[in-house]
Structures are given as C-alpha cells and as structure tokens.
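Structure, as structure tokens:
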Amino acid sequence: MTTPSELPGEKQLEGDQPTTNIRSLRELMDIVSGRNLKDQIPQEDAGYAEPLPYPFIALVGQPDLKLALCLTLINPNIGGVLLLGPHGTGKTTAVRSLFNLLPEIERSACFYGCLPEDIDVGGMDAVCPDCARKYAEGHPLTIRDRVKIIELPLNARLEDVVGGMDERAANNARFRVKRGILAHADLNILYLDEVNLIENQIIDSILDASAIGSYTVRHGPISASYRSRFSLVGSMNPEEGNLRPQILDRFGLRVIVQGLTDPDQRLEAYRRVHAFRQNPKTTIAHYAEDLLLAANEIAQAKNILPSVQLSDEVARYGINLIQKLQIDSLRAEITLFESARAYAAGDNRTMVTLDDLHHVAPMALRLRRSIYINNFISEQGKEDNKIIEHLNNLIPQEFRQKKV
Ligand SMILES: [Zn+2]
C-alpha cells in the first residue's frame, strides 16, 4: 500500500522520524488507535487525512454515500458532494476511507506549481528559476501522483486558505506568495467538515476558486495566481444551522446520511469498528485485496469516462425531469448528466442509459428547488399584474394604441 507522497519543496520536513519510545499516555493511545504514523506525513499546512483510515470496503450499509463518493472520484466535473446528516453517522469516516481508492494523476513537481503549459503560454519567466533550469535541461516538470484528500482545518484563516507571504523566500530577499490550502488542493479533493459553520469570507473564497479553477492573491505589490481545480466534499449536520442557498447550489451531489436502521447492520458496524480500533493494520490487511480491486475499478472507470456518450434522447428525459421539479440552476443538468456518465463508466459502458439517470437523479437533484425563489417569482408575477391593471385603468386606451 502506498503512503501519501510528500509535496515537492518540503524535503526539509523529513527530519522527524517516528519514534518507538513511548513518552506519554497520549502517545500510547495514539499507537493503540493506529495514529502513530503522524510523524511520517508532512506537518505543513495542507492537512492530509489520517494515514491509516478505516477501509472503504468495511463501511456497513450507506449505499448512497458510497456511490456518491465513488462517482466523485471517477468524475471531478460532477461538482463534488455534500453529506447531510447527524453526528456519528460516519460521514467523515467515509470521506477519509477514500484514501485507498484515490486514483493517480499527473501534477506539477514544483512547490510553486509550475507546469510545462506555463512555459508554452508565458515563456521561461512564467515558471520559477528551478523549473526553468529543469525545462532547459529536458527534465520533466510533472510527476505521476495520487489524488489526495485535503481537509480544511477547523481553525483555518483566510491567509491559510489563499496563501500569505513566504517568509523563507523573504529572508533570502526574494518575495513570494506562499501557496495556500486552495493551491495545495489543486487536482485533489478538498474536504470541508461542518461546512455550514465555516466563516462566510472563507467559504466564498473556496467556492470562487473552485468555480473558476484558479485564483489570484495580492500582498502589496506582489501577486500570484494558482490553479485550484478540486472536487469539493462537504459534510454538515443540519441541526447546527443551514447552508446559504448559493453555497448549497455549488455542491453537485447531495446525500442524506442517516444512522443504520437494521440491528444486524448496526452490530456488524460496531464489530468492524471495534476490530479496526484494536488493530487497524490487521483490519486493513483483511480488506487489502478488495480495496485494490475497487481502486482498479475506479481507475478503469476514470479511463473510460472521456468516451462515455449521452444521447439527446436520454438528455431530454433529464431536462424534462428538472423542469417538472421547477429547478432553475443549470448546475442541476451538469451534475445529473456528469454523474450519470460516471455511473455508466463505473459499469464499464460507454453509453448513458435511462437507468443510469434513474440511479443518480435523487442525489443530483434533491435540495435544489428554492421555495423562496418560487414564492418570490409568483409574488412578483402578482405585482406585475397589478402594475398592468393600474396602467390600463389610468392611461387612456387611444394613447396606448398610439404608443404601440
Ligand atoms: Zn517551479
């Protein structure tokens, strides 16, 4: 099993080696619960998910939750997924459990995110000096790397999210803007736990960067632009407050996560979690083969996806459904069709069927109808009728005919 590869430019963090000398009760607890690998992952800002997450295959029940997360891995164009449900229903565990299924992609090998395309567009000045030298010497600027799950820390400040000044570079009399969490999230999954409790300014910057796929930071005369093409995964407990409608609209799929109702499933879930806590490595080893198969299936579905077609006939059924539901946002179509394409790809097919739409429609279209907007439009319609009625009463008929 591969461990998360560290970000280029962070080699100096390698100094901390995992220790076997237990120095505190807390450390012992960490080792018992399988969290003793924390020294091996980069400690800088980006917030990677736990190195030994619960295996995805071992999650009991919750078919919608699992399906939505897999579709998001297969097709980032779905627009991510929002998980809604009370505490303790396994939302965060499920997101972190994707760790073993994450596919590989091609990404920049540079701390500043330089890419060969930058040179094609803006010449050698468009990349950092190191990359310019590498390019000139014929070395690649990109590496093959697994997608990561980046968790937004609960105490993240706007500067952490978009990036502040890089003190290391400033000390060497070179001014650079540090990559923020959004830049680290490029081509990764950005996980926002308790998304309804995140400060407005921060959530707005995340959604803007996600919608455009890049963002610019300015600090005085210095500015820098970064790519930020990531899949958003959010979770929230509706008991703790609503999400603003414009934020809700930005999430592709929506899954209502409820506690397991079948007593046998609850018992099985308890047993598996207990076994995992006792010995996470044994549990992971138990599911290793199935996890590998699942990861391969997702990688294969990702390969097929570009050739998956949506016929006009199937698309019309989808549009019809969206109109019947009185949904205004065009993101409804994008999510419905892109998730249906991912579903077909997952099933190793290159043609979307009505059955695919049927499987994904509830999670793509729920919570999209705005009662407020519908009431607003109908009230507005009444007001417009009143205006016309008064106009007709006040302005003489012959004058109106002349005007027209
Ligand atoms: Zn570079």
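Once the 1.4 Å probe is applied to the protein heavy atoms, region 288-404 comes out at 68 Å² accessible per residue. If you sort the three axes of the alpha carbon gyration tensor as a ≥ b ≥ c, you get a/c of 1.5 or more for region 257-376 and a/b no higher than b/c, which makes it oblate. Between the amide H of Thr142 and those of Ala109, distances stay under 5 Å, these residues lying 5 or more places away or on another chain, with hydrogens modeled in the peptide plane.
Across the accessible surface of region 66-172, with the other protein chains kept in place and a 1.4 Å probe, carbon and sulfur atoms take up 53 percent.
Applying a DSSP loop filter and a limit of 15 other Cβ atoms within 10 Å to the GluC sites (Glu not before Pro) in region 57-148 leaves Glu137. Kirkwood radius for region 312-392, taken over all pairs of different Cα atoms as the inverse mean of 1/r, rounds to 14.5 Å. Heavy atoms of the protein chains alone define the surface here; on that basis region 134-252 has 48 Å² accessible area per residue at 1.4 Å probe size. Over region 259-328, with every protein chain in place, what whole percent of the accessible area is carbon and sulfur at 1.4 Å, could you tell me? Heavy-atom surface of region 259-328 belonging to carbon and sulfur, 1.4 Å probe: 50 percent. Computed over protein heavy atoms with a 1.4 angstrom probe, the accessible surface ordering of Tyr317, Tyr215, largest first, is Tyr317, Tyr215. The heavy atoms of Asp130 offer some 90 square angstrom of accessible surface to a 1.4 angstrom probe. When nucleic acids and ligands are ignored and a 1.4 Å probe is applied, Val121 ends up with an accessible area of around 130 Å².
The values are calculated or read from the model by the stated rules, or taken from the named source; none is laboratory data. The model shown is predicted, which means the values in this text are computed figures rather than measured ones. Note that each Cβ is placed from the backbone with ideal geometry, even for glycine, and that neighbours are counted across all protein chains shown. Heavy atoms of the whole protein, side chains included, go into the accessibility calculation; ligands, DNA and RNA do not. Shrake-Rupley method; radii C 1.70, N 1.55, O 1.52, S 1.80 Å.
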